[in-house]
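Read through the structure below, which is laid out as structure tokens, and then see the notes.
The values are calculated or read from the model by the stated rules, or taken from the named source; none is laboratory data. Computed from a predicted structure; not experimentally measured. Note that we place each Cβ from the backbone using ideal geometry, even for glycine, and neighbour counts take in every protein chain shown.
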Ligand SMILES: [Ca+2]
Ligand SMILES: [Ca+2]
């Protein structure tokens with residue numbers, strides 16, 4: 001009995017020793033892992049298109065200065081951007097030898113990382129593969145290579161499409177705004193006096209219309225319940241946007257993802273906002289300039 005417990009004690013001491021050796025071994029070896037969270041606790045190598053992920057690199061060889069934060073760069077590329085960019089790994093504290101960076105799977109462009117600047121790698125929105133190559137022991141040769149699977153994300157693609165500014169929709173409305181602002185007031189009055197919807201008085205400025213307003217609700221319950229220009233211009237904007245919405249086609253990827261309704265609402269709303277903004281700028285700018293010239297002449 002005594003012998004048995006002695007053996008157990010020996011095994012316990014031996015396993016503790018082995019465990020400590022194991023831990024030390026893991027820490028001194030250069031290694032890199034990717035995570036979905038900022039604290040680097042949720043390890044993963046698959047991330048949604050458009051999202052951000054985090055990388056932690058154990059690289060004691062780059063800890064040149066024990067009383068300051070060190071940094072080094074590594075390489076990131078995707079299949080549509082094979083030349084890639086430089087990631088920027090920054091030490092977590094003065095003397096840890098552990099470095100971190102944050103990488104964005106970008107829709108628009110790739111750009112190098114730097115202190116306080118995120119590393120961006122452009123990816124294929126329908127799914128891509130990213131490779132991260134690291135010279136973790138600082139001997140001039142990359143030995144750590146992490147393969148990241150970039151997952152197709154209908155929701156992120158949708159958001160990208162909705163809030164991305166496009167000159168193609170902004171410019172035509174901007175030009176229409178300028179043209180209408182330049183038409184003489186008398187002519188505008190004459191042309192639009194016959195439209196019975198909302199009066200015939202032509203005024204520059206803004207107007208708030210209540211959502212309970214029956215006329216406006218009947219015109220378009222979805223897009224125009226807030227900020228509107230003058231009575232006449234409101235009617236014009238409404239008709240133009242209505243035509244644009246009807247002409248829109250829902251991309252196949254959203255239909256496949258079952259996002260038709262969401263897509264129409266979000267895209268339609270964003271489109272209406274862009275159109276209204278561009279029209280308002282295009283309309284207000286020549287009017288303001290005209291007033292300014294008149295007031296300086298007086
Ligand atoms: Ca350091
Ligand atoms: Ca190396």
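Couple of notes before you dig in:
- Of the residues in region 37-58, not one is more than 30 Å from residue 129 (Cβ to Cβ) and either within 16 Å of ligand 2 (Cβ to nearest atom) or modelled with pLDDT of 95 or more (or both).
- Some residue of region 96-114 being touching a helix residue (DSSP H, G or I) at 6+ places or on another chain (Cβ under 7 Å), in contact (Cβ under 8 Å) with a residue 60 or more places away in the chain and within 16 Å of ligand 2 (Cβ to nearest atom): no
- Every condition in (1) within 16 Å of ligand 1 (Cβ to nearest atom); (2) over 25 Å from the mean Cα position of the chain (by Cα) is met by residue 115 except one, and the failing one is (2).
- Checked against the criterion of being modelled with pLDDT of 80 or more and in contact with a helix residue (DSSP H, G or I) (Cβ under 9 Å, 6 or more places away or on another chain), the candidates 171, 151 yield just one match: 171.
- Residue pairs whose Cβ atoms lie under 7 Å apart, sitting 6 or more positions apart in sequence or on different chains, and linking a residue in region 53-65 that is within 10 Å of residue 40 (Cβ to Cβ) and touching a residue at least 60 places away in the same chain (Cβ under 8 Å) to a partner that is assigned to a helix (DSSP H, G or I) and within 11 Å of ligand 1 (Cβ to nearest atom), do not occur here.
- All positions within region 132-169 that are more than 16 Å from ligand 2 (Cβ to nearest atom) and closer than 30 Å to residue 72 by Cα: 147, 148, 149, 150, 151
- Within region 71-95, the only residue that satisfies the criterion of being closer than 15 Å to residue 147 by Cα and without any contact (Cβ under 8 Å) to a residue 24 or more places away in the chain is 82.
Conditions tested, residue by residue: (1) over 22 Å from residue 156 (Cα atoms); (2) in a strand (DSSP E or B); (3) within 16 Å of ligand 1 (Cβ to nearest atom).
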position: 34; (1), (2), (3): no, yes, no
position: 50; (1), (2), (3): no, no, no
position: 56; (1), (2), (3): yes, yes, yes
position: 64; (1), (2), (3): yes, no, yes
position: 69; (1), (2), (3): yes, no, yes
position: 74; (1), (2), (3): yes, yes, no
